Amino acid sequence: MIEVKELTKFYGSGENRFQVLKNISLKIEDGDFAVVLGASGSGKSTLLNVISGLERPDSGEIIYDKSNISTLSDNSLVEFRRENIGFIFQQYYLLPNMDVDKNVKMGADLSSNKDYKAIIEAVGLENKLHKYPSELSGGEQQRVSIARALAKRPKVLFLDEPTGALDEQTGRQILDYISKLQNECGFTIIMVTHNLNIAEMANTVIKMNSGKVSEIYTNSTQKTAYEIGW
Amino acid sequence: MRLGGDDMVVGVKDTAKLIGISIISCCAVLVCTMFLNFNMDIVSIKEDIVSEQVMIFYDAQVSTAKVVSIVSGGCLLVTSLIMLIFYIKHYIGTHKKELGILKALGYSNFKIAKNFWVFGINVFIGTIIGFCGAFLLMPYFYKLQNEDNILPSISVNFHPILLLCLVVIPTVAFSIFAIFYACYKLKKPVLMLLKDNLQMSTGVHKIKSERNTDSLFIDDLKRSVLKSKKTLVFFIVFSSFCFSAMTQMSASMKDLSSVMMGAMMMMIGLVLACTTLFLAITTVINGNAKTIAMMRVFGYSQKECCKSILGGYRPLAYIGFAIGTVYQYVLLRLMVDIVFKDIEGVPVYKFDFPVMLISLAVFIIFYEIVMYVYSEKIKNISIKEIMLENKY
Ligand SMILES: Nc1ncnc2c1ncn2[C@@H]1O[C@H](COP(=O)(O)OP(=O)(O)O)[C@@H](O)[C@H]1O
Ligand SMILES: [Mg+2]
């Protein structure tokens, strides 16, 4: 379980100092599909980065199964991410000089995953193993980044608007891959989006509004990527 | 970068990054001016020489001055040329998208390339400082060269031809060269410029990557980093080569020629080694900042990042050191056997093992400190900044 307690985060200093996260508290159960919903600039990405240990909060606690990561040293935080966390970003951030195989291996090596090729197959890229990111379409690049994140067998997968740069059709396909793989592997998903429809795929929805959590609710039934009709 | 206007591609501010060229051309001109000026001034006293003994000394002075200015000047000239090529290539590489847009808008290659003349400013700044610096040092230098007062006293004169050859011509030549080289580098289809790393997808590369599918990611990355910028491999080897050759040569110079020559060699060696090493490592880190940031996001430790990004260069640095050692031995052997052949009192030259060991030890310490400093830099690469940077 992930427990977030009274999280605050500021950016800037002096005159320009402003609060991006205002006293955020929430809980996410293991195996949840949580969606963080909110307008652009409401602090979703910042919340995601802080919960995942990429950034440090100014105050508050982030507790993973009783261990508080906000007190960890830099090196332990890297170690924590290595053991637990997977990331998928809107911009993919693939390594440009490495082919698909090597990009996925970057994730696989962290958990000594020898059969990462199965994951490349699962996202349907077995024919593009030795292509470079520049030779792939946006959807394919995002599938590589999914394979990279999953190959490291994370306990929690963080996604920051993973379909934001894709057309609807491809976006739906991506979401389908992700939820299918979640059903198989049972990791926790925390996904940021500003798309209301995608929220219907989640069982926990966290709505954010200018740095505050305005609403948290649970869906009794989760829709599949093809049912959300966006 | 601004679109439109004449300064749309490279501006004067970009020349700040080429400080390496300024430093190196400054050294080159400093050394060459001193020795060449000395050579020209010494001619005026040739008639006053009566004894044969003094004549031999005179000839020796003239030929060492020639050797030193050719060896150091030539070496430094080649380095600044390679650095300039590298910078332009690198600049075009990192600004591919903007340059591609300009081309797509219909700007001709030459119209874009002609802005690259500004890189000549670096050469001008370096050479003019070197030239003026030489004149400040010259009185001491003349005295040192003629320490024992064997020759009649020589006065310092200004030779405009040297100003032309060492400052004006290099500046103009470098500017023209920069324009033409940029023009040549821009001769690529627009799409090639607009898309990231399209040139990486060559057949050769692919075959190689298939062969080592069982190796670890960080080893693959190490190889890929080395392969993706071959010029940097050259710079690292060259840097340690200079360090090794020049420091060892300078120790021998002290015995063979003068303390002044030794100090000069040492200075050139250190300047060349430092500028090229810093240039190369900075480029490696900046060029791989995104990769490093992503590795850190995924939980690769600082040590693993360093190992894969910088570690591959270490063996090359030691190879450069070894080559430098051999080179300086061969060069000095030739110099002693040919140039100083007829001069009496020149000590016999043999390989100086202790000096090599000291030089190696200093090199190891120096290199590892630089690596340590840069590994701290890697640690401080902000993941967030890299991610924000990408959102245009
Ligand atoms: N590194 C930063 N420095 C200063 N301000 C930032 C930084 N990152 C984000 N912000 C600001 O914080 C606010 C929230 O950003 P973000 O979390 O990215 O929002 P969202 O993902 O919901 O669009 C925005 O106003 C943004 O401009
Ligand atoms: Mg965001």
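Every read-out reported here was derived from the displayed coordinates using simple, explicitly stated rules and does not represent laboratory data. All values reported here derive from a predicted model rather than from experimental measurement. Ideal geometry is used to build each Cβ from the backbone, glycine not excepted, and the neighbour counts take in all protein chains shown.
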If I stretch the segment between residue A:217 and residue A:185 completely, what's the gain in nm (0.36 nm per residue apart, minus their alpha carbon distance), one decimal?
9.1 nm
Working from Cα positions, state the angle (0 to 90°, nearest 10) between the long axis of helix B:119-145 and the longest principal axis of chain B.
20
Those aspartates and glutamates that a straight Cα-Cα span of less than 19 Å connects to residue A:22, excepting residues fewer than 8 apart in one chain:
A:3, A:6, A:55, A:58, A:61, A:215
Quick one: which of A:152-161, B:162-171, B:219-228, B:19-28 comes out on top by average Cβ neighbours within 10 Å, and what's the full order, highest first?
B:19-28, A:152-161, B:219-228, B:162-171
Quick check: the distance between the Cα centres of segment B:137-189 and segment B:230-254, to the nearest angstrom?
22
Please give every one of the lysines within straight-line cross-link reach of residue B:17, meaning a C-alpha to C-alpha distance under 19 Å, and leave out same-chain neighbours fewer than 8 residues apart.
B:89, B:96, B:114, B:229, B:377
Rounding to the nearest 10 and keeping the result within 0 to 90°, find how far the Cα-based axis of helix A:168-185 lies from the longest principal axis of chain A.
80
Name all residues of segment B:132-149 having a backbone nitrogen under 19 Å from the label point set 7 Å from the Cα of residue B:56 along its Cα→Cβ direction, giving them as ranges.
B:146-149
Counting only DSSP beta bridges with both residues in segment A:105-215, tell me the antiparallel percent, nearest 5.
40
Among beta bridges that DSSP assigns inside the protein assembly as shown, antiparallel share in %, nearest 5:
50
Given the pairs A:9/B:222; B:66/B:143; A:27/A:117, which are separated by over 27 angstrom at their Cα positions?
A:9/B:222; A:27/A:117
If one compares the long axis through the Cα atoms of helix B:169-185 with the longest principal axis of the Cα atoms of chain B, the angle in degrees, nearest 10, works out at 20
Label-to-label distance, nm, for residues given as residue A:114 and residue B:135 (7 Å Cα→Cβ offset):
7.4
Computed, not fitted: 222 nm per-residue ellipticity of the protein assembly as shown from DSSP H runs ≥ 4 (each -39500 (n - 2.57)), nearest 500, equal to -18500 deg cm²/dmol
For residue B:267 and residue A:11, what is the calculated FRET efficiency with R₀ set at 51 Å and r taken between the beta-carbons, to the nearest 0.05?
0.60
Net length gained if the chain between residue B:85 and residue B:214 were fully extended (0.36 nm per residue, minus Cα distance)
42.8 nm
Cut-off 16 Å, label 7 Å out along Cα→Cβ of residue A:75, residues of segment B:301-318 by amide N:
B:301-307
Between exposed GluC sites (Glu not before Pro) in chain B, where DSSP calls loop and at most 11 other Cβ atoms lie within 10 Å, what's the longest gap?
B:148-343
Between residue B:358 and residue A:210, how many nm apart are label points set 7 Å from Cα along the C-beta direction?
7.1
Count, for each residue of A:68-81, the Cβ atoms from other chains sitting within 10 Å of its Cβ, then give me the mean as a whole number.
2
Tensor-based shape of chain B (alpha-carbon gyration tensor, a/c under 1.5 rounded, otherwise prolate or oblate):
oblate
Pull out the extension gain between residue B:349 and residue B:45, defined as 0.36 nm times the separation in residues minus the alpha carbon to alpha carbon distance; nm, one decimal.
106.4 nm
Please work out the Cα center distance from segment B:47-116 to segment B:294-315, rounded to the nearest Å.
34
